[in-house]
1. Could you tell me which residue of region 133-152 is surrounded by the most Cβ atoms within 10 Å (Cβ to Cβ), considering only residues that are closer than 16 Å to L110 by Cα and aliphatic (A, V, I, L, M)?
2. Yes or no: L99 farther than 25 Å from G37 by Cβ, within 25 Å of the chain's Cα centre (by Cα) and surrounded by fewer than 17 Cβ atoms within 10 Å (Cβ to Cβ)?
3. With region 103-142 as the region, which strands (runs of 3 or more DSSP E) entirely inside it contain at least 2 residues that are under 20 Å from S161 (Cβ atoms) and touching a residue at least 60 places away in the same chain (Cβ under 8 Å)?
4. Report, by residue number, each residue of region 44-66 that is surrounded by 18 or more Cβ atoms within 10 Å (Cβ to Cβ) and farther than 14 Å from V95 by Cβ.
5. Suppose we filter region 41-99 for residues that are at pLDDT 95 or above and among the aromatic types (F, W, Y); how many remain?
6. What residue, among those in region 153-180 that are more than 18 Å from G117 (Cβ to Cβ) and among the charged types (D, E, K, R), is surrounded by the most Cβ atoms within 10 Å (Cβ to Cβ)?
7. Test T79 against the criterion of being part of a strand (DSSP E or B) and either closer than 24 Å to T30 by Cα or touching a Pro at 6+ places or on another chain (Cβ under 9 Å) (or both), and give yes or no.
Amino acid sequence: MKKVRAVAFAALLLALCLLCACTGGMLPSTLEVTEGGEETLEATGFEEGDEWVVLNDAVAVVEADGATATVRGVGIGTTEVHILRDGKTVGTCTVNVVLPPLSVFLPEGLLVLKKGGKASVRALMGVPYEDDAEWTTSDRSVASVEGNGLTARVVAVGTGSCTMTVRASGYEASFTVTVA
């Protein structure tokens, strides 16, 4: 009788392990990544020949090296990362790409001005905004900045490049201003 119970228990453990692998037990169920940031995923039970796949590369991309993968947040949203074995999903992780705690929105992705030119920039908070933002420039001879909360006005003063930094609610974000 003891031998039958031991065999039944072993069969139950094997079934649970298979169920776990088939329902995504190889990976954590969820992963949060900031837009522009990256996080690491570790797969348990990964086998040679297994393949990492992301369903929506407009949200996240995956670079894998065996059982370890780096997930980079590309755009705000949700997607899934799958591990395929012989064409079948054996692991799934839902990836949520969120706004970083603090970032600066630049319509063109960069800020290039002519001497005397002006531009408005806006900081975006991915966490509750608690206090006034502080805007600074690394070189006032290239560009000045005057902040009003999460919005700032940048004025091109002289030729060159400098770094603008905004600090708010304990976070910091920077961007480069080039004056031609």
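1. A143
2. Judged against the criteria, L99 is not a match.
3. Strands (runs of 3 or more DSSP E) meeting the threshold: 111-113.
4. If the condition is that a residue be surrounded by 18 or more Cβ atoms within 10 Å (Cβ to Cβ) and farther than 14 Å from V95 by Cβ, then F46, D50 are the ones that fit.
5. Total meeting the criteria: 1.
6. Filtering first and then ranking leaves R167.
7. The answer is yes for T79.
Per-residue answers, yes or no, for (1) under 23 Å from the mean Cα position of the chain (by Cα); (2) modelled with pLDDT of 85 or more; (3) surrounded by 14 or more Cβ atoms within 10 Å (Cβ to Cβ):
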{"site": "P107", "(1), (2), (3)": "yes, no, no"}
{"site": "L111", "(1), (2), (3)": "yes, yes, yes"}
{"site": "M125", "(1), (2), (3)": "yes, yes, yes"}
{"site": "D131", "(1), (2), (3)": "no, no, no"}
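The values are calculated or read from the model by the stated rules, or taken from the named source; none is laboratory data. Everything numeric in this text was worked out from a predicted model, so none of it was measured. Reconstructed Cβ throughout: ideal geometry from the backbone, glycine too, with neighbour counts over all protein chains shown.
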